[in-house]
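Single-structure report; data block below.
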Amino acid sequence: MQLAKVVGTVVSNRKDPNIGGFKLLLLRQTNPETMEDGSYVVAVDAVGAGVDEYVLIAAGSSARQTEMTKNRPCDAVIMAIVDQWTIDGRQVYEKFSPNHGYDVEI
Amino acid sequence: MQLAKVVGTVVSNRKDPNIGGFKLLLLRQTNPETMEDGSYVVAVDAVGAGVDEYVLIAAGSSARQTEMTKNRPCDAVIMAIVDQWTIDGRQVYEKFSPNHGYDVEI
Amino acid sequence: MQLAKVVGTVVSNRKDPNIGGFKLLLLRQTNPETMEDGSYVVAVDAVGAGVDEYVLIAAGSSARQTEMTKNRPCDAVIMAIVDQWTIDGRQVYEKFSPNHGYDVEI
Amino acid sequence: MQLAKVVGTVVSNRKDPNIGGFKLLLLRQTNPETMEDGSYVVAVDAVGAGVDEYVLIAAGSSARQTEMTKNRPCDAVIMAIVDQWTIDGRQVYEKFSPNHGYDVEI
Amino acid sequence: MQLAKVVGTVVSNRKDPNIGGFKLLLLRQTNPETMEDGSYVVAVDAVGAGVDEYVLIAAGSSARQTEMTKNRPCDAVIMAIVDQWTIDGRQVYEKFSPNHGYDVEI
């Protein structure tokens, strides 16, 4: 999976019937160390992600293994919203959400 | 999925029987921020796209999940024509079509 | 699919039984605008292509969707010989074949 | 497969139900000759790997061929912990583990 | 498929049960024209290849289409040992093996 940041939305009215009704988000891959933005990708959102959130993207046929995307012409899906990551024991990113609470799960 | 711009057509008379009869379009990947053209790719058109339109391409096995491309030796399909995209809340591209009307769907 | 030019052949006597008997061609990806050669790839030939011809390659699992390559350990197949392509309305390449005639199909 | 080094962990509380409960590790691809770190990737851990261990990652649909990842939206899995590798007959890396013993298997 | 040269071996004692018992080889992609070494990849050996031999690698789901690798978490397989290749009619590489004889098959 690739770490990415949601940066925008993509709107389409003329789509293959199999992909209709999905929320399409625009993302940039994230360098986990420097947090710099990388390549762009458009993904179907399976978890209710919003702009500025860090997420994980599954690509290829694995993008079709969520309930929402099964048998769809979709090659990238957001399958997790990221709360925290560490490199060499150092916490690089932590998302604090007062509304939903926060507890570490590894 | 990748954002791309239709730039041309590809004609072939000698094809594998499983791919016969498809419209093959030549596309360039689009940088969503600068709108600059990137790499070329040839894709089957599943939505009736035309030259100069911005579209979404699904690649790999996901390219075979439209009615048109099922079980075909096709690794890239145009599965959506793009009407609009935004980055950081700013609208980067909007396609206005007086013939078909236009309404935002996210 | 990727546009590529057939540049050579690859010979192997010791192969997995599932891939035996196939013609393996050496190709270089083609820049559709400048016609410059790019990366090399080896593909199974499903359409009877020859050296110097421009072809389309399907990669990944899509390379197994021809009659010839079904269930084979093959990740690239030539599934079309290209007769012509255009960019921005300009014809970049046209193959003329006096033996087989030539008519445009889009 | 790609040789990679485990460098950290990724925590997510809001995931697609199909990927829930997995340990997600952050890895960097390893140059087998220079041992330099390369690109980052996030993978599901199917073998109990830990930070600083060298592992093999299977990507794409092959990442779903372990018991743990079957039918999951997972496009990268750690399917082996590496004990040793050689280049041109020279042993580049050897992991010595006094707890588990060590014997070469090729 | 990609042309590659076997340069070493990879040893792992702790593997996913589905991948146990396979010979894992370390390879470098080969530039077919200059014979220069490129990127590294680790592949399962389905044909009995040895160090310094030139081989073909099938990647992705196609790597699971040999008897040996069916349903395994394996994304790269050596499915052919290469005896010869040509570019523009010129023979770039020929492997001569006095033990096994040699005859050209296209």
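The values are calculated or read from the model by the stated rules, or taken from the named source; none is laboratory data. What you see is a predicted model, and the numbers here were worked out from it, not measured in a lab. So basically every Cβ, Gly included, is an ideal-geometry build from the backbone, and we count neighbours across all protein chains shown. In case anyone asks, the SASA skips ligands and DNA or RNA and just uses the protein heavy atoms, side chains included. Shrake-Rupley method; radii C 1.70, N 1.55, O 1.52, S 1.80 Å.
Worth a mention:
- If the condition is being in contact with an Asp or Glu (Cβ under 9 Å, 6 or more places away or on another chain), under 18 Å from residue A:54 (Cβ atoms), facing another protein chain (nearest Cβ under 7 Å) and in contact (Cβ under 8 Å) with a residue 24 or more places away in the chain, then segment D:12-32 contributes only D:16.
- For residue C:34, the conditions (1) open to solvent by less than 70 Å² (accessible area, probe 1.4 Å); (2) of a type in the set (Ser, Thr, Tyr); (3) not in a strand (DSSP E or B) are fulfilled apart from (1).
- Test: residue in segment B:52-61 that is among the small types (Gly, Ala, Ser), in a strand (DSSP E or B), touching a strand residue (DSSP E or B) at 6+ places or on another chain (Cβ under 7 Å) and open to solvent by less than 10 Å² (accessible area, probe 1.4 Å): yes
- In segment E:33-46, the residues that are more than 21 Å from residue D:55 (Cβ to Cβ) and either more than 8 Å from every other protein chain (Cβ to nearest Cβ) or within 8 Å of the chain's Cα centre (by Cα) (or both): E:34, E:35, E:36, E:37, E:38
- Within this structure, residue D:80 fails the test of being without any contact (Cβ under 8 Å) to a residue 24 or more places away in the chain and closer than 17 Å to residue E:43 by Cβ.
- When residue D:9 is tested against (1) under 25 Å from residue A:60 (Cα atoms); (2) within 9 Å of chain E (Cβ to nearest Cβ), only condition (2) is not met.
- Test: residue E:48 is open to solvent by less than 50 Å² (accessible area, probe 1.4 Å) and modelled with pLDDT under 95: no
- Residues (crowded, with 22+ Cβ neighbours inside 10 Å and either within 7 Å of another protein chain (Cβ to nearest Cβ) or part of a strand (DSSP E or B) (or both)) located in segment B:68-80: B:72, B:73, B:74, B:75, B:76, B:77, B:78, B:79, B:80
- Filter pass, residue E:65 being open to solvent by 10 Å² or more (accessible area, probe 1.4 Å), more than 9 Å from chain D (Cβ to nearest Cβ) and under 18 Å from residue D:63 (Cα atoms): yes
- Restricting C:92, C:41, C:6, C:10 to those that are assigned to a strand (DSSP E or B), surrounded by 22 or more Cβ atoms within 10 Å (Cβ to Cβ) and not basic (Lys, Arg) reduces the list to C:10.
- Taking the conditions (1) away from chain E (no Cβ under 11 Å); (2) over 16 Å from residue D:24 (Cα atoms) in turn, residue D:89 satisfies each one other than (1).
- Filtered by the rule that a residue be of a type in the set (Val, Ile, Thr) and modelled with pLDDT of 95 or more, segment C:5-42 gives C:6, C:7, C:9, C:10, C:11, C:30, C:34, C:41, C:42.
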